[in-house]
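FYI, it's all coordinate maths here, none of it is from the lab. Everything quoted here is computed from the prediction, not taken from an experiment. Positions of Cβ are backbone-derived with ideal geometry, glycine not excepted, and every protein chain shown enters the neighbour counts.
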Amino acid sequence: MGRKLLLEKAHVEGIRYYDVYRREGGYRSVEKALKSMTPDEVTEEVKKSGLRGRGGAGFPTGMKWSFLAKPEGVPRYLVVNADESEPGTFKDRYLMEFIPHLLIEGIIVSSYALGANTSYIYIRGEYAWIPDILEQAIAEARNNGWLGKNIMGTGYSLEIYVQRGAGAYICGEETALLESLEGKRGNPRIKPPFPAVKGLYDCPTVVNNVETIAAVVPIVNDGGEEYAKIGVGRSTGTKLMSACGNIRKPGVYEIDMTISVEEFIFSDEYCGGIANGKRLKACIPGGSSVPILPANLLLKTAKGETRYMHYESLSDGGFATGSMMGSGGFIVLDEDQCIVKHTYTLARFYRHESCGQCSPCREGTGWMEKILWNIDNGKGKMSDIDLLWDIQGKIEGNTICPLGDAAAWPVAAAIRHFRDEFEWHVKNPAECMQRNYGLAHYADPIHVPVTA
Amino acid sequence: MSDQLLKVTIDNITVEVPAGTTILQAARQIGGDVTPPAMCFYTPLKGSGGKCRTCLVEVSKGSEKDPRPMPKLVASCRTTVMDGMEVKSVTSQRVLDARAGVVELLLINHPLDCPVCDQAGECHLQDLSYEHGKAGTRYEFQRRTFKKHDLGEYIQLHMTRCILCYRCVFTADQVSGKRVHGVLDRGDHAEIATYIEKNLNNEFIGNVIDVCPVGALTDKTFRFKNRVWFTKPLYAHRDCSKCCGEVTLWMRGDEVFRVTARKDEWGEIKTSAKTGDTGWICNDCRFHNKNASDWQIEGLADISRHSVIGQGKYKGLKKPAETIEKVLDGRQPRLLMDIHSVSEVNKPEIELSTIQGPATSAVFKKKP
Ligand SMILES: Cc1cc2nc3c(=O)[nH]c(=O)nc-3n(C[C@H](O)[C@H](O)[C@H](O)COP(=O)(O)O)c2cc1C
Ligand code: SF4
Ligand code: SF4
Ligand code: FES
């Protein structure tokens, strides 16, 4: 059994409400931080913990906090990114729905560390029922003296507001989020300046994912060093994985980043294996934007080593043979799934979600979607595969925000690893409408060249 | 620090620029091929740039202090120069590839209706595709279309031609005082529109026509009246209480076909000599003063970059050498056919070679 820090108490009856949460030890970190630590000491603990952003990029949180500009007389903000719209990712929702006070507690401690007196939770519009849960938790926290003016007589004041998005994936990108929060069109900003210098209303701002902020609670309670003892190398602490697709037990799992991918998929503690007795074909380990891997490269790295569920191991081999931890949206595909259709579905998503500001992303995503639709519907040409490869290359790295890359990578990875399946579609236009390519050789052991 | 000049080398040419200068501005100082094309950046508009990605360049050395190259290509219009920075524009294959890619992507949904577009001849997308694009397209799908929006009596919107540079949005925000149009929707279905059908008619809104790099926003009062290359650009001014009153008149014969602000060689509106600010002009000057007598004409406009319009009309023009003798091996050209003998068109037989200036309809209206 791996250690659980975030979801340990998530299923205690009534934990959603203050009394139970407090009885179970909630808000201890606020007492500890506000009464016995300076803001810098809190930041120091977060640095020591090695906590990395859980929103996708995995940037060290403590370091991000220490970049925050602190000019005199200018307010600072903490903005919690609860926009969670990456296909395959639903961990923040789980956390906010079941144990909302953990997030509120994390916000108070983090805001204290950053010197923010106002904090916003920007939540995905489709999570329509969650703002009520959060607002109730905020009200309870306030009624019990954890929010408002002069908290516990320490002189520190904080207000938390919940803001709903209007249904745009792009508003999860931190600068688009800030624009939207300011009431503007959710276009990503051109960086620099970075939010740490000019963020919300041009003031220094830290944007962090829900899970990142929640993880600050155990870090302050137990100390950064304790937290860093969990996990492997630079992948410290626990990570929430939202597992979905063709597995027996889809859901949100907290892992301590020491288990192998194979164990995560096949053990009964986690995904419980592939559903309906099917075989594993492919997997996207970290949300729709990260590269898809065929079964053989998923379970073992190109060097033939076991692949583990942590940042370094998942990205072992770079994009050629590896993937990424991303946001932890673990999507499993069995032998009956069609990679071409799957890639088309993702391309359609990115086409629909591009903000349209920069030409490569605006035009390229639409073009890729159309070509993929053709291939999927038996209307593709061989040259289309190379054309797709070329278009994704023209988008990647050339756009304002990473959505362009996020649209390019899944297409690139699908062609890189599943080219035969694309070619089969082109060569068998009638047959590909009747049946899928199947598992083919995608689970075969990979030949590892022996080097002297 | 601020008055110290920074050294930047672009394609092996070094210039010194004040701090805060962008790579694009430094490259414009050098001029020529080195200068990246810029479809969305517009110097007078705050916040513009960064969107079209045509101006991408490679920074092969970050600065003297931190010589590391930048991993990605950067938008030169939004990246400021550091001392000792080294930049590659046309000397980088990566840049050329990316640029050609952007041009191709900008064109896949463009209607290519230049023959019926009023912007043809002064369109930056035409220049861009000619200079940086490839012949032919690999796009085999239907091009995007939009529901038509009417923007009122002055401005014609052709959304299919729009490249979403946002210049007109910034202009409406920063120049016209009140913005009633903007970008609706997102991605490849984003469009310029007013949310509820509204007229764009506040006093300075005409400037959106001048900043639009393509034929998406054109002057309704000039619509289909003439091709720009048949008209002659002249600088002129009038006393105007609302704006600087310094304009370019686009004339043919004595007729003023169109009035625009004065633009520099990068297509940007020049600084007014009178006010020292950007020479935005008001709707009155642009749309309601179409008689030559309304204006004090100063002389030929001195732009030379856009050669299609430039032919025969700009100062400092180099005329191509006559080649007809060479082609004919020294023989004199001779008349093959007299048009009068086969056509009714030129009645009442005006001797074309004796006409001074362009042949306008007035010439032919002469009673026999
Ligand atoms: C298109 C796009 C969508 C994103 N969506 C989210 C999101 O829904 N939730 C999130 O936490 N981060 C999202 N991010 C990442 C954020 O920009 C940002 O990196 C993150 O919120 C930082 O928090 P962290 O350091 O705690 O991970 C997205 C990024 C991009 C480019
Ligand atoms: S990459 Fe796409 S989503 Fe991001 S700014 Fe450009 S157009 Fe918008
Ligand atoms: S209408 Fe013209 S100026 Fe406005 S965004 Fe489109 S191309 Fe740019
Ligand atoms: S001019 Fe630089 S991105 Fe458009």
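The value obtained for chain B, namely the Cα convex hull volume divided by the number of residues, is 206 Å³ per residue.
Report summary: the helix-based calculation at 222 nm, which adds -39500 (n - 2.57) for every DSSP H run with n ≥ 4 and divides by the residues of chain A, gives -12500 deg cm²/dmol.
About its Cα centre, what dipole magnitude does the protein assembly as shown give when the only charges are +1 on Lys and Arg Cβ and -1 on Asp and Glu Cβ, stated in debye to the nearest 20?
1500
For the protein assembly as shown, the residue among B:His189, B:Gly253, A:Asn296 whose Cα projects farthest onto the positive side of the dipole built from Cβ charges is B:Gly253.
Would you mind giving the average projected area, over all directions, of the Cα convex hull of the stretch B:228-310 in nm² with one decimal? Kindly include the intermediate steps, with their values, before the conclusion.
Numbers: hull surface 20.0 nm².
The orientation-averaged projected area of the Cα hull of the stretch B:228-310 comes to 5.0 nm².
In the stretch A:369-424, the convex hull through the Cα atoms has an average projected area of 3.6 nm², a quarter of its surface area.
Taking every C-alpha pair closer than 8 Å and separated by at least 6 residues, the mean separation divided by the residue count of chain A gives a relative contact order of 16 percent.
Taking all Cα pairs closer than 8 Å and separated by 6 or more residues, the relative contact order of the stretch B:228-310 comes to 36 percent. Remark: C-alpha extents of the stretch B:139-222 on the principal axes read 42, 27, 22 Å, sorted largest to smallest. Relative to the longest principal axis of the Cα atoms of chain A, the long axis of helix A:210-222 lies at roughly 50 degrees.
Against the empirical 2.2 N^0.38 Å (N residues), chain A has a Cα radius of gyration ratio of 1.00. Extents of the stretch A:237-334, taken as max minus min of Cα coordinates on every principal axis and listed largest first, are 31, 30, 24 Å. Convex hull volume per residue, computed on the Cα atoms of the stretch A:339-437, equals 72 Å³. Comparing B:Ile350, B:Ile192, B:Ile205 in a Gaussian network model of chain B, where Cα atoms under 10 Å apart are tied by springs, the biggest mean-square fluctuation is seen for B:Ile350. Normalised by the number of residues in chain B, the average gap of Cα pairs under 8 Å and 6 or more apart makes the relative contact order 12 percent. So how far, in whole Å, is the C-alpha centre of the stretch B:13-42 from the one of the stretch A:340-410? Their Cα centres are 32 Å away from one another. Going through the cross-link list A:Lys191/A:Lys394; B:Lys220/B:Lys263; A:Lys47/A:Lys249; A:Lys394/A:Lys427; A:Lys64/B:Lys72, which pairs have a Cα-Cα distance over 23 Å in this structure? Flagged as over cut-off: A:Lys47/A:Lys249; A:Lys394/A:Lys427.
A DSSP coil position with no more than 16 other Cβ atoms inside 10 Å describes the following chymotrypsin sites (Phe, Trp or Tyr not before Pro) in the stretch A:44-112: A:Phe67.
For the stretch A:18-229, the Kirkwood estimate of the hydrodynamic radius, built from every pair of different alpha carbons, is 16.9 Å. On a per residue basis, the convex hull of the C-alpha atoms belonging to the stretch B:5-102 measures out at 90 Å³. Charge dipole (Cα centre; +1 on Lys/Arg Cβ, -1 on Asp/Glu Cβ; no other charges) of the stretch B:60-202 amounts to roughly 440 debye. The protein assembly as shown has equivalent-ellipsoid semi-axes of 57, 33, 24 Å, by the square roots of 5 times the alpha carbon gyration tensor eigenvalues, sorted largest first. Can you find, among B:Gly101, B:Thr80, B:Ile281, the residue farthest towards the positive end of the dipole of chain B? Put +1 on the C-beta of Lys and Arg, -1 on that of Asp and Glu. Farthest along the dipole direction, towards plus: B:Gly101.
Over chain B, dividing the summed -39,500 (n - 2.57) contributions of all DSSP H runs of at least 4 residues by the number of residues returns a 222 nm mean residue ellipticity of -4500 deg cm²/dmol.
A simple charge model with +1 on the Cβ of Lys and Arg, -1 on the Cβ of Asp and Glu and nothing else charged puts the dipole of chain A at about 340 debye relative to its Cα centre. Applying a DSSP loop filter and a limit of 16 other Cβ atoms within 10 Å to the trypsin sites (Lys or Arg not before Pro) in the stretch A:64-169 leaves A:Lys149. Treating each Cα of the stretch A:33-103 as one equal point scatterer and applying the Debye formula with no solvent, the log10 of I(q)/I(0) at q = 0.13, 0.25 Å⁻¹ comes out as -0.52, -1.26. Chymotrypsin sites (Phe, Trp or Tyr not before Pro), restricted to the stretch B:207-264: which are DSSP loop and have at most 13 other Cβ atoms within 10 Å? Of the chymotrypsin sites (Phe, Trp or Tyr not before Pro), the ones in loops of the stretch B:207-264 whose Cβ has at most 13 other Cβ atoms within 10 Å are B:Phe224. Each label point was placed 7 Å from the Cα along the Cα-to-Cβ direction; for B:Leu352 and A:Ala275 their separation is 7.7 nm.
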